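Peer 1: My questions all concern the structure below.
Every read-out reported here was derived from the displayed coordinates using simple, explicitly stated rules and does not represent laboratory data. If you're wondering where the values come from, they're calculated on a predicted model, not measured in any experiment. Here the Cβ positions follow ideal geometry from the backbone for every residue, glycine too, while neighbour counts run over all protein chains shown.
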Amino acid sequence: MKKNLLLGTCLAIVATQLSHAQGVGINDDGSMPNNSAMLDVKSTNKGLLIPRMTEAQRTAIALPANGLTVYQTDAGASGTGIGFWYYDVSVWRKLETGWRLTGNADTVDGTNFLGTTDNKPLNFRVNNQKSGRIGLAGDGSTFLGYQAGSNDDYSNRQNTFIGYQAGSSNTTGSRNTANGYQALFSNTTGGNNTVNGYRVLFSNITGSRNTANGYQALFYNTMGSRNTANGYQALYYNETGDDNTALGNMAGRGDSDVSFTQCTFIGSNSYPEVARTNVTMLGYGILNAQCTGDNQVLLGNTAVLEIRAAVTGITAYSDKRFKSNISEDVKGLDFIMRLRPVSYNTNPEILHQIWGTPDSLVKKIDHSQIKNTRFIGLLAQEVHEAMKQSGYTSFTGIDIPRNEKEVYSLRYVDFIMPMIKAIQEQQSMIEAQQKEIQTQKAQIQNLIQENETLRAQRTEIEKMKAEIEAIKAQIMLDKPQEANAKKK
């Protein structure tokens, strides 16, 4: 009887409300329902209780409507099923309370977490822009930062981009690691790059297998590969060069539209300003003018006084099997005798004036000690003149300036060959003189022997002369005696 009475009362209320074209109101104070609500429930001491059921009962509901909501009373198969559930298009979803903007309390390590429980990546957005993504096993990529990796195709690229717009343009490049503001920003297809720092490898598009650390290191590189740059603006301007290594503040920095290949730059502010191949610079402040071509090794700046090592020479490959066009055209005594060894002092600052080195860079190099050091050597201009006078124009131990910004330079080790030749020529002269001396000695010995023979003959003659004189004297004595005998 009470159930029928309650049902009738409710129907009467609904009918009344419908007749007034309003929603249904259930309240304690008899007020009308809000015009914007189909059902307006008001109470100061009671709540709204929706259907309660187990997981099995919930999932057994036939053709649930979108938005259908129930309260599950058991943990279910997942063990975490107790709570409110709602039906969304084709799947039941648990209504989670979520992480509060002011933080959550009473969390349990290993139980509470921020993330997904299905096979979907976790994504973050800022101003509705992609700002973070933790990929799946089939993707392997991780992005964190505003628009970091925002164009990646998520096709198992295994990239890690951390920082504002880090790897922002990457589409299909794989196995890249970029950490820093706009690090690897322009990269689209380059792979296996590892960068760390502000705008490191910023312009790279297709270059691969590069490693760069430091503010704007390899900044302009677009397609160069296998480069290693560590330091503030290390290899800064290199765009397309490959296989370079730079270590130090602005090491291998270069100049606009200049790229290097197979070069090594170790030392702060050491770099050429023209394209070079297979050049090594080791030391602080080795300047562009010191490097006059490809395939050179430069040790130290213009303040270096000594190069020390445990050995006294450099070993050179000299196997006859890889040498060709062999010719004995090295000049000897005629060239060497025209050289003038001298002692002198140097002023590298004048050298830098010839090169056109900015004063700001020259002031960073302390030349005080080298200015007060006494050296011995040759004057390159005199060596050049000796070459011309001796006809030795193919001498390789001198670099002759090609313009007013270049200076003469000498390779003293190349003087060894002319000196060997000079010694050989001297030895030939000595041997010829010795042979002549031996001939003269033999002639003298013959003369001595002839003289001895003559002296012996002279002695014999003198003896014979004496005997003849004795005979003559005896004859003279015998003649008077014979005459007296005849008289008698």
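Peer 1: Quick one: length gained pulling Thr292 to Thr393 fully straight, 0.36 nm per residue minus the C-alpha distance?
Peer 2: 34.3 nm
Peer 1: Per 10 Å bin, what is the whole-percent P(r) computed from every C-alpha pair distance within the stretch 313-378?
Peer 2: Final binned percentages: 14, 24, 25, 24, 14.
Peer 1: If the cut-off is 15 Å between C-alpha atoms, which aspartates and glutamates fall inside it for Lys94, apart from same-chain ones fewer than 8 positions away?
Peer 2: Cα-Cα hits under 15 Å: Glu55, Asp74, Asp118.
Peer 1: Here's another thing I want to ask about it. Whole Å is fine, so just give me how far the alpha carbon centre of the stretch 172-195 lies from that of the stretch 401-424.
Peer 2: 49
Peer 1: Please say if the stretch 342-395 is rounded, prolate or oblate, where rounded means a/c under 1.5 for a ≥ b ≥ c the square roots of the C-alpha gyration tensor eigenvalues, and otherwise the choice is prolate for a/b larger than b/c and oblate otherwise?
Peer 2: Oblate.
Peer 1: Hey, which lysines would be in cross-link range of Lys463, C-alpha to C-alpha under 18 Å, not counting anything within fewer than 8 residues on its own chain?
Peer 2: List returned: Lys472.
Peer 1: Stretch Asp366-Arg411 to full length: gain in nm at 0.36 nm per residue minus the Cα-Cα span?
Peer 2: Numbers: separation 45, 0.36 × 45 = 16.20 nm, distance 2.49 nm.
Taking 0.36 nm per residue and subtracting the Cα distance, the gain is 13.7 nm.
Peer 1: Shifting gears a bit: Give me the number: length gained by fully extending Asp478 to Thr346, i.e. 0.36 nm times residue separation minus the C-alpha to C-alpha distance, one decimal in nm.
Peer 2: Computed gain between Asp478 and Thr346 is 37.0 nm.
Peer 1: How many angstrom lie between the C-alpha centres of the stretch 248-294 and the stretch 321-346?
Peer 2: 31
Peer 1: Does anyone have the angle between helix 416-487 and the longest principal axis of the chain? Alpha-carbon axes, 0 to 90°, nearest 10?
Peer 2: 10
Peer 1: So how tilted is helix 2-19 from the main axis of the chain? Cα-based, degrees 0 to 90, rounded to 10.
Peer 2: Computed tilt is about 70 degrees.
Peer 1: Grab the other residues whose beta carbon is less than 15 angstrom from that of Val279, score K and R as +1, D and E as -1, and report the net.
Peer 2: Numbers: positive: Arg253, Arg276; negative: Asp242, Asp243, Asp255, Glu273, Asp294.
After counting each charged neighbour, the total is -3.
Peer 1: Quick check: pseudo-label points 7 Å beyond the Cα along Cα→Cβ at Arg374 and Asn128, how many nm apart are they?
Peer 2: Using points 7 Å along Cα→Cβ, the separation is 8.3 nm.
Peer 1: With viscosity set to 0.890 mPa s at 25 °C, what whole-number translational diffusion coefficient in µm²/s follows for the stretch 330-419 from Stokes-Einstein and a Kirkwood radius over Cα pairs?
Peer 2: 166
Peer 1: A follow-up question, please. Hey, for a label at His384 modelled as a point 7 Å past Cα toward Cβ, could you say which residues of the stretch 325-367 have their backbone N under 13 Å away?
Peer 2: Taking a point 7 Å out along Cα→Cβ of His384, no residue of the stretch 325-367 has its backbone N under 13 Å.
Peer 1: How big, in percent, is the set of alpha carbon pairs in the stretch 340-488 lying more than 26 Å apart?
Peer 2: Details: 7199 of 11026 pairs.
Considering the stretch 340-488, 65 percent of its Cα-Cα pairs are separated by more than 26 Å.
Peer 1: Tell me, what is the FRET efficiency for Arg52 and Thr117 to the nearest 0.05, using R0 = 35 angstrom and their Cβ-Cβ distance as r? It would help to have the intermediate numbers written out before the result.
Peer 2: Details: r = 24 Å, r/R0 = 0.68.
Given R0 = 35 Å and the Cβ-Cβ separation, E is 0.90.
Peer 1: Normalised radius of gyration for the stretch 85-240, please: alpha carbon Rg relative to 2.2 N^0.38 Å, two decimal places.
Peer 2: Cα Rg divided by the expected 2.2 N^0.38 Å: 1.23.
Peer 1: Which number comes out as Rg/Rh for the chain once both Rg and the Kirkwood Rh are worked out on C-alpha atoms? Please report the intermediate quantities before stating the final value.
Peer 2: Details: Rg = 53.1 Å, Rh = 34.1 Å.
Answer for the chain: 1.56.
Peer 1: May I ask you to derive the FRET efficiency for Glu450 and Met429 from their Cβ-Cβ distance with R0 = 30 Å, giving the value to the nearest 0.05?
Peer 2: On the way: r = 31 Å, r/R0 = 1.04.
Approximately 0.45, to the nearest 0.05.
Peer 1: Sequence neighbours fewer than 8 away in the same chain don't count; with that in mind, list the lysines whose C-alpha is under 20 Å from Lys479.
Peer 2: In chain and number order, the partners are Lys487, Lys488.
Peer 1: Once the mean 1/r over all distinct Cα pairs of the stretch 229-359 is inverted, what Kirkwood radius in angstroms do you read off?
Peer 2: Working: mean 1/r = 0.0578 Å⁻¹.
For the stretch 229-359, the Kirkwood estimate is 17.3 Å.
Peer 1: Suppose R0 equals 35 Å. What FRET efficiency, 1/(1 + (r/R0)^6) with r the Cβ-Cβ distance, do Ala303 and Met419 give to the nearest 0.05?
Peer 2: On the way: r = 30 Å, r/R0 = 0.87.
About 0.70, to the nearest 0.05.
Peer 1: Please go through the residue pairs Lys320/Lys388; Lys421/Lys441; Lys331/Lys435; Lys331/Lys405; Lys323/Lys421 and name each one whose alpha carbons sit more than 22 Å apart in this structure. Please report the intermediate quantities before stating the final value.
Peer 2: Working: Lys320/Lys388 30 Å; Lys421/Lys441 30 Å; Lys331/Lys435 25 Å; Lys331/Lys405 30 Å; Lys323/Lys421 20 Å.
From the list (Lys320/Lys388; Lys421/Lys441; Lys331/Lys435; Lys331/Lys405; Lys323/Lys421), the Cα-Cα distance tops 22 Å for Lys320/Lys388; Lys421/Lys441; Lys331/Lys435; Lys331/Lys405.
Peer 1: Extending each Cα 7 Å along its Cβ direction at Ala105 and Asp329, get the distance between those two points in nm, one decimal.
Peer 2: Calculated label separation equals 9.5 nm.
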